[in-house]
1. How many residues does region 54-75 hold that are touching a residue at least 40 places away in the same chain (Cβ under 8 Å) and either farther than 23 Å from G19 by Cβ or not hydrophobic (A, V, I, L, M, F, W, C) (or both)?
2. If I ask for residues that are within 10 Å of the chain's Cα centre (by Cα) and closer than 16 Å to L67 by Cα, which ones from region 13-31 would you list?
3. Given the structure, is F17 assigned to a helix (DSSP H, G or I), surrounded by 13 or more Cβ atoms within 10 Å (Cβ to Cβ) and of a type outside the set (V, I, T)?
4. Specify which of the listed residues (S36, S57) is at pLDDT below 90, within 12 Å of the chain's Cα centre (by Cα) and in a helix (DSSP H, G or I).
Amino acid sequence: MMGLYILRIFFIFICSFTGYSLSREVPFFGAFFGFSIGVIVVFFEIFARKVSLKGLSSAVFGVILGLLLAKIFSE
């Protein structure tokens, strides 16, 4: 159970770092936005117990990968 908490904190950290990295004009706003998205996803995962962790993490990974690829191809 402790590993799941560590994974959630790590996910929020990754979202914050990604927001910080992708925001050009105001990096701290990007970090806050990434943090907010991470917290929303974690709360959704906590309250939606019917969704498997594997399915949720796959969906989140796909969204993050899609956003990063869109960022790469748009430049």
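1. The number of residues fulfilling the criteria is 1.
2. To start, the set of residues in region 13-31 that are within 10 Å of the chain's Cα centre (by Cα) comprises 13-19.
Matches in region 13-31: I14, C15, S16, F17, T18, G19.
3. Values: assigned to a helix (DSSP H, G or I): yes; surrounded by 13 or more Cβ atoms within 10 Å (Cβ to Cβ): yes; of a type outside the set (V, I, T): yes.
Taking the combined requirement at face value, the residue satisfies it.
4. Values: S36 fails: at pLDDT below 90.
The match here is S57.
The values are calculated or read from the model by the stated rules, or taken from the named source; none is laboratory data. Only a predicted model underlies this, so the values are computations on that prediction, with no experimental measurement involved. Cβ coordinates were reconstructed from backbone atoms using ideal geometry, including for glycine residues, and neighbour counts include every protein chain displayed.
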